[in-house]
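Step one of this worksheet: look at the structure below.
Bear in mind that the values in this text are calculations on the coordinates, not laboratory data. For clarity, every value in this text was computed on a predicted model and none was experimentally measured. So basically every Cβ, Gly included, is an ideal-geometry build from the backbone, and we count neighbours across all protein chains shown.
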Amino acid sequence: MQATFTSKQAAELCGLPYPTLGFLRARGLLTPSIRVGGNKGAANVYSFEDIVALRCLSALRAVPSTFQAM
């Protein structure tokens, strides 16, 4: 059985503000790999792999430079 996490749990595990998950989804940077329910009002459920990716994105946010500067 695969470990799953709610949006709130994912945000807490990754040290991200809860609204940031919506921002990342809207920008297409990370889409939860598990959807529960129909298309409208479906719950976002994150897998362990999603949590790893979110932690990487969180770490990149902490880097003081931008990709344009590289």
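Worth a mention:
- Stretch gain in nm, segment Ala59-Arg35, where the contour uses 0.36 nm per residue and the Cα spacing is subtracted: 6.1 nm
- Fully extending the segment from Ala26 to Ala3, taken as 0.36 nm per residue of separation minus the present Cα-Cα distance, adds 5.9 nm.
- With a cut-off of 15 Å between beta carbons, the residues surrounding Ala11 carry a summed charge of +2, where Lys and Arg count +1 and Asp and Glu -1.
- Counting Lys and Arg as +1 and Asp and Glu as -1 over every other residue whose Cβ lies under 11 Å from the Cβ of Ile34, the net charge comes to -1.
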